[in-house]
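Here is the structure we will look at, set down as structure tokens.
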Amino acid sequence: MKNNIIKEIMQKHGKNVLLESRLLSLVADKLQNKDPQMLKRMRLAIDEGVPQKLHDLKFLNEHERGLKMNTIATVLDDLGMKTETAYEIVNYFGEALGYKPIAAPLSPPLTAASTTGGIQRTPKIGSIIPFGGYDWRVLDVQNNKALILSEKIIEERAYKRKDITWETCKLRRYLNGAFYNKFSSQDRARIAETRITTNNPWYKEGNATNDKIFLLSIQELALYYAHGHVALANISDIRPALWLNL
């Protein structure tokens, strides 16, 4: 972002200035006669403790930090700030801290047709939604994200030998390479990166990975199958899953 005054203030006073009450006066000195609208937004963000909340995220990994940043932006949105503006302000502070920016929900947000033919803002668990040219079943909704599973088997590809790990298998490379690149750049921007850990009694465990697209774990299959959100003809059916930013 251009003209990031928070960045300027931090370069002069250090990152800990975000934790000090004088931050607002320092911001006001920069913006008082230049951008009163930005000053109003910054004042609200500072009053709500956004700088300290973001400062406290410095030891989280990128995925966890992104989830927390989304929550912070949502709070500003709930206080009456426009959604795009709320995300802009959070990213404004985040940039100064070296954080990767988060994307605001598309406008209009992801929708799914209701049983009465109307439109709902957040998809219901168990509903079917279109995304990237495929139909997906919503398995879970958390922190402005939906865990979705392809409704149909898209392709048949083997996981291969028992001594292979998810980290090194060709299927993972395909899902996060050729298959991921089938989505448009706009759709790819909405797919969240997810930390994947393996705990499979039948296959060798490998290192945790960060993936855009993945397969449900045995535990996840059991959870969502038990709740009736996944209808599998065979427990070995393989369908891609992903967390989608709403």
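From the list L39, L60, pick out the single residue that is farther than 14 Å from K100 by Cα, of a type in the set (A, V, I, L, M) and modelled with pLDDT under 90.
Details: L60 fails: farther than 14 Å from K100 by Cα.
Answer to the check: L39.
So L19 clears everything in (1) crowded, with 18+ Cβ neighbours inside 10 Å; (2) more than 24 Å from the chain's Cα centre (by Cα) except one condition, right? Which one?
(1)
Evaluate the following for M10: is it buried (at least 17 other Cβ atoms within 10 Å of the Cβ), in the same structural domain as T85 (by TED's automatic domain parsing), free of Cβ contacts under 8 Å to residues at least 40 places away in the same chain and in a helix (DSSP H, G or I)? Spell out how you get there, then give the answer.
On the way: buried (at least 17 other Cβ atoms within 10 Å of the Cβ): yes; in the same structural domain as T85 (by TED's automatic domain parsing): yes; free of Cβ contacts under 8 Å to residues at least 40 places away in the same chain: no; in a helix (DSSP H, G or I): yes.
When the stated conditions are applied, M10 does not pass them.
Could you check the stretch 75-96 and list, in sequence order, the residues that are out of contact with any Phe, Trp or Tyr (no Cβ under 9 Å at 6 or more places or on another chain) and among the polar types (S, T, N, Q)?
T83, T85
Answer yes or no as to whether V90 is at pLDDT below 85 and under 24 Å from the mean Cα position of the chain (by Cα).
On the way: at pLDDT below 85: no; under 24 Å from the mean Cα position of the chain (by Cα): yes.
So V90 fails the test.
Which of the residues that make up the stretch 112-156 are β-branched (V, I, T) and either under 23 Å from N181 (Cα atoms) or modelled with pLDDT of 75 or more (or both)?
In the first step, residues of the stretch 112-156 are kept if they are β-branched (V, I, T); the result is 115-116, 119, 122, 125, 128-129, 138, 141, 148, 153-154.
T122, I125, I128, I129, V138, V141, I148, I153, I154, listed by residue number.
Yes or no, residue by residue, for (1) at pLDDT below 85; (2) not in a helix (DSSP H, G or I):
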{"site": "A158", "(1), (2)": "yes, yes"}
{"site": "T168", "(1), (2)": "no, yes"}
{"site": "N181", "(1), (2)": "no, no"}
{"site": "D187", "(1), (2)": "no, no"}
{"site": "T198", "(1), (2)": "yes, yes"}
{"site": "W202", "(1), (2)": "yes, yes"}
{"site": "G206", "(1), (2)": "yes, yes"}
{"site": "Q219", "(1), (2)": "yes, no"}
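The values are calculated or read from the model by the stated rules, or taken from the named source; none is laboratory data. What you are looking at is a predicted structure, and each value in this text was computed from that prediction instead of being measured. In this analysis, Cβ positions are derived from the backbone assuming ideal geometry, glycine residues included, and neighbour counts consider all displayed protein chains.
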